[in-house]
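I have placed the structure first, in the form of structure tokens, so that the comments after it can refer back to it.
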Amino acid sequence: MAAIVRTENLQKVFGRHVHALDGISIIVEEGEYVTVTGRSGSGKSTLMNIIGCLDQPTGGTVEIAGQNVDYSDPEQLVSLRRSKIGFIFQQFSLIPSMTAAENIEYPLIFSGVPGSERKRRTMDMLELVGILDRSDHLPGELSGGQQQRVAISRALVAGPNLVLADEPTGNLDSTTSNEIITLLKQINEEMGTTFLIVTHEPSIWFGTDRTIHLSDGKVVP
Amino acid sequence: MVKMTDVATISFRQVTRKRLRFFLTVLGIAIGVAAVVGVVSLGEGVRSLSVEMIKDQSDLTLLEVNADIRDGVTIPITGQKIADIQRDPGVVGAVPARRITYATERQTFLSAVDAGSAGMQSVFSLTYLDGRSVETGTGEAVFGYDLAETLRRYEGIRIGDRFTLLVRDYDEDGRPADIRHEFLLTGVLRERGDELDRLMITDTGNKDEPFDAVFVRVVSPDVVFPVVDRVEGLGLSAHGAFEQIRAVNKLFDIIVLVLSGFTGISLVIGALMIMNTMIISVFERTREIGISMAIGASSGDILRLILSECFIIGIAGGIIGNLLGIVFAGVINSVGRNVVIAELGAGFSGFAGADIVLVTPGVIISGMAIAIVLSLISGIYPALKASRLHPADAIRSL
């Protein structure tokens, strides 16, 4: 299997002394379902942001789907975010003025996908996550679980190789959390999408291929 | 690259999300546009009324062309230039003339024009109260209505009379040595209400002396200014009722400029309101913008989206501003007209039946353009601020 993410001695220093990441080298294979855990401040979110091309490291290298990431090249970063990477954030990450369907369609607009194709793919996604009947609802009219289903659809709609999820079940009750986790795992198995999930919640660890523990910016062996 | 239609749809959704804020922001720029449209319309209206009054009250198609002095050099009226004027497509008739001042033996001074009688007829369409026109080179003369009246009363000169006029000249020793000219009065013109009423017209047929004026009749009032431009292009100067129009236009250019400068202050305030609104809006949406970047928006996309929101505010401001401006102009027209007439008196009674405001397409288009351009300028800073957000930081903010 090919590596979808490969980091080499990744460093991130905030200011002079705060080593958020201190020499992280990890490999995530295509199709893997990997969770990243660690206490608050262990560097989980920083690692996700750097792999997701939202932040740049102060040292080390990152390879996404075989491409060496040049963090000084905004065009490459945008292109990777558009085509290779999908993001799922905590709740409240949807655009409040757009309906569920429009939120899902939103990334495709930036990629320049034609309108009819966007509609078709959006409908497929709504069906996949089981909220086709909620397509015209605004985020404020949806439950927390439904909102996360929309967010998951938005992350997947451009057909990324890698989905990064930062606390996808934070702010959700346990029943809803389980539903979302089951959905993510199901997508991983059926579509072969690689998942890298940051979480506090032990329930997500079940069914993962692998868990990476971080502590003080280092991988705990 | 995002399609413009998609940008417009998304931006429209965003600006109308907070309806009251959008409305107030639009109103800010709209009031500025309305003030400018109203004031400029008033200026243009009074300008056009004044010009119409001048056109009604004066003979706009008559020009007198004179030799001009430029940089200390006199540019004479040559035969070539006369021919050029006569060939001008906007000119119906042009007659070269000499202006001469005579005195009668009783020292009554009078002005005379020595010009070809056929040409005079074509330019001035002379009609006779009595008698007939002069014949070339015969020493015959025709009096204007007022002049005939004066000379009949004080000098006893009537049609058919021979009379003597003097031109003041000096001999070698510097003493006055008047030259005497004999004339025969053959006709008197009808009253015209212009300079000709006080003039004597002769036709000496003299080919040697230079001409110092050309009387020109222009086809219609509309082509006066182009003809004047071409005459001035020959190095000559032109005079006539059009100069009043020119003066009025210059005056109103300044008035309109100064007034729109003052009302422009409200536009500046409107622009600042847009900037303020957009800065707040970008701040409130920091996380949203970060997420948009995470899911594929480039800095350029964000810049375009924010500027597009400003563009929408500008269009709405321009439309509402123009509508308010037209209403404003209507109010000035109905209320202001009576005030103007009461203040300026009967001399301006021409204002009574006419509109004192003139909303031209140019004013409307300018109002629209000002609103859009100002909105876009106001949006540059907030848009740049949004596009330069660091996505990871932006997403962290709540």
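Quick notes on this one:
- Checklist (1) touching a helix residue (DSSP H, G or I) at 6+ places or on another chain (Cβ under 7 Å); (2) modelled with pLDDT of 90 or more applied to residue B:142, failing item: (1)
- Residue within the stretch A:169-177 that is part of a helix (DSSP H, G or I), small (Gly, Ala, Ser), over 24 Å from residue A:53 (Cβ atoms) and over 19 Å from the mean Cα position of the chain (by Cα) present: yes
- Selection count where residues are open to solvent by less than 60 Å² (accessible area, probe 1.4 Å), within 18 Å of residue B:103 (Cα to Cα) and in contact with a Lys or Arg (Cβ under 9 Å, 6 or more places away or on another chain), scope the stretch B:179-196: 3
- All positions within the stretch A:150-161 that are within 16 Å of residue A:111 (Cβ to Cβ) and among the aliphatic types (A, V, I, L, M): A:155, A:156, A:157, A:158
- Note on the stretch B:89-112: among residues that are outside any strand (DSSP E or B) and of a type outside the set (Asp, Glu), the one that is surrounded by the most Cβ atoms within 10 Å (Cβ to Cβ) is B:90.
- Per-region count, the stretch A:158-176, residues acidic (Asp, Glu) and out of contact with any strand residue (DSSP E or B) (no Cβ under 7 Å at 6 or more places or on another chain): 1
- Residue within the stretch B:147-166 that is assigned to a strand (DSSP E or B), of a type in the set (Gly, Ala, Ser) and over 16 Å from residue B:181 (Cα atoms) present: no
- Between B:45, B:38, the distinction of being in contact with a helix residue (DSSP H, G or I) (Cβ under 7 Å, 6 or more places away or on another chain) and not assigned by TED's automatic domain parsing to the domain that holds residue B:227 belongs to B:38 only.
- Test for residue A:138: is it farther than 16 Å from residue B:296 by Cα, touching a residue at least 24 places away in the same chain (Cβ under 8 Å) and open to solvent by 20 Å² or more (accessible area, probe 1.4 Å): yes
- Here A:181, A:197 are screened, and the one residue that is crowded, with 19+ Cβ neighbours inside 10 Å and farther than 24 Å from residue A:21 by Cβ is A:181.
- Of residues in the stretch B:1-25 being at the interface with another protein chain (Cβ under 9 Å from one of its Cβ atoms) and either in contact (Cβ under 8 Å) with a residue 40 or more places away in the chain or outside any helix (DSSP H, G or I) (or both), the one nearest to residue B:308 (Cα to Cα): B:7
- Residue count, the stretch B:277-301 (criterion: within 14 Å of another protein chain (Cβ to nearest Cβ) and closer than 17 Å to residue B:396 by Cβ): 12
- Check on residue A:156, within 14 Å of chain B (Cβ to nearest Cβ) and in contact (Cβ under 8 Å) with a residue 60 or more places away in the chain: yes
Residue by residue, here is whether (1) modelled with pLDDT under 90; (2) within 14 Å of chain A (Cβ to nearest Cβ); (3) in contact with a helix residue (DSSP H, G or I) (Cβ under 6 Å, 6 or more places away or on another chain) holds:
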{"residue": "B:232", "(1), (2), (3)": "yes, no, no"}
{"residue": "B:236", "(1), (2), (3)": "yes, no, no"}
{"residue": "B:242", "(1), (2), (3)": "yes, no, yes"}
{"residue": "B:272", "(1), (2), (3)": "no, no, no"}
{"residue": "B:275", "(1), (2), (3)": "no, no, yes"}
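- Every condition in (1) outside any strand (DSSP E or B); (2) open to solvent by less than 40 Å² (accessible area, probe 1.4 Å) holds for residue B:118 except the one numbered (2).
- Residues that are open to solvent by less than 60 Å² (accessible area, probe 1.4 Å) and among the acidic types (Asp, Glu), drawn from the stretch A:99-135: A:102, A:105, A:117
- Helices (runs of 4 or more DSSP H) contained in the stretch B:185-302 and holding at least 2 residues more than 30 Å from the chain's Cα centre (by Cα): B:242-284, B:286-294
- The number of residues in the stretch B:374-393 that are in contact with a Gly (Cβ under 6 Å, 6 or more places away or on another chain) and either more than 9 Å from chain A (Cβ to nearest Cβ) or within 9 Å of residue B:307 (Cα to Cα) (or both) comes to 1.
- All positions within the stretch B:103-129 that are closer than 23 Å to residue B:164 by Cβ, at pLDDT 90 or above and not hydrophobic (A, V, I, L, M, F, W, C): B:111, B:114
The values are calculated or read from the model by the stated rules, or taken from the named source; none is laboratory data. This structure is a prediction, so every number in the text was calculated from the model and none was measured. Virtual Cβ from ideal backbone geometry, glycine too; neighbours counted across all protein chains shown. What goes into the accessible areas is simple: the full protein's heavy atoms, side chains included, and nothing from ligands, DNA or RNA. Shrake-Rupley method; radii C 1.70, N 1.55, O 1.52, S 1.80 Å.
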